[in-house]
Each structure stands twice: as C-alpha cells, then as structure tokens.
Amino acid sequence: MNRIKHSKIDSYLLDRIADNDEDAFSCLFSEYYVDFVVFAGTFVGGKEDSEEIVQEVFIELWESRSKLRRGGSLRSYMLTVIHNKCMDLLRHRQVKQNYIEVVAKEDLGNPYDVEASVLLADLQQKLEDAFSKIPPELLQPFKMNRFEGKKYQEIAKELDLPLRTVEFRVAKALKLIKTLLKDYFIICLFVNMM
C-alpha cells in the first residue's frame, strides 16, 4: 500500500513539475535528495561525487521538465539516470587510472616540459573564458567550493543563502563548465588535471 501511495505522489509531482511547478520540484528534491545521494554513494564512494551526480540529475530533470513522460515512475527514472551517471564516472576514473599507469611505466622525463606547459596554459585560458560566461551568482559559490575548499554549509552562511541554493548553484556552474570545456577533456587528461 505504501508503495502504491508513493507511486501516486511521484506521478502527481511529475505532472506538476512538467507544468513548471517549482514547489513540486522542491518537494521532490527534499523527499529524495538524501536517498539518491546514498544510492549514488554505493557506486562511486565519495560523498562529494555522489552529491554532484544527484544535483546534476535534478538540474537535468528541471531543465527537461517539458519533455517528461507524465504518469511514469519518477523514482525509477531518477535511479536509472543516477546509476548511469555513476557508471560514467567510474569509467572516467578507469580511463584516468589507465593513463596514469601508462605514464608511470614510460620514462617521459620532466612532466612539466614545454608541451605540457603549452597545453596547461591553453587550458587555463579556456577555463578563464568559460568562467567569464558563467553568471556571477553561480560562479562565486563554485569557486568558494572548488578553489577555496569551503563546504556548502560555510558558503551558505557566508553568502546568506539557503544550503540547497548553494548546492544547486555549484552543480549548475559545474555543468556549465563541463559543457564549455567538453572539447578540452583530453587535454585535462594529459596534464593530469581531472
């Protein structure tokens, strides 16, 4: 009975979200966020990676709300998307680990040779260009988290924002950066920045 009741609530929330209801989205986020982070953590381990994946999935859900299939199983859909993103992250980790092992086996000399320096400078410029395209309200909490090492709670207190707003903004900034730098992913691997 509880499962059927949950299914009806999910279906209702899905319909409301598809109709641009931000309150329904907030309700869904509050209801499932912690459970989804725990679920993602069973695959990827770290809390930060788990939170990032779940936030990204919620952002994608909101951004694609007009295309949602009404009356479907929202929980099943979200779990499937989270699982797929976890598998993507694990594959990325494996690619990175394989690259590190190959480099370790070869004697490549100084890792900061001219070519690596040029690639790094190019990547740094592209990163700065990407930052200039991100709204300041998203970029500030992102930089505080990623560059200053501040926790979401610290950022929320410092910027006088709700914790969920900070989490959303950091995740949104990260998604924008990934989109803007997608063509430079291979450079990131070679200069060991990812």
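Any residue at all in region 82-103 that is closer than 24 Å to residue 165 by Cβ, under 16 Å from the mean Cα position of the chain (by Cα), open to solvent by less than 30 Å² (accessible area, probe 1.4 Å) and modelled with pLDDT of 80 or more? There is at least one residue in region 82-103 that is closer than 24 Å to residue 165 by Cβ, under 16 Å from the mean Cα position of the chain (by Cα), open to solvent by less than 30 Å² (accessible area, probe 1.4 Å) and modelled with pLDDT of 80 or more. Put simply, of 43, 29, 36 the only residue that is in a helix (DSSP H, G or I), modelled with pLDDT of 90 or more and touching a His at 6+ places or on another chain (Cβ under 9 Å) is 43.
The values are calculated or read from the model by the stated rules, or taken from the named source; none is laboratory data. Not measured: the values here are computed from a predicted model. No Cβ is skipped: glycine too gets one built from the backbone with ideal geometry, and neighbour counts run over all protein chains shown. Accessible surface is based on the protein model in full, side chains and every heavy atom, while ligands, DNA and RNA are left aside. Shrake-Rupley method; radii C 1.70, N 1.55, O 1.52, S 1.80 Å.
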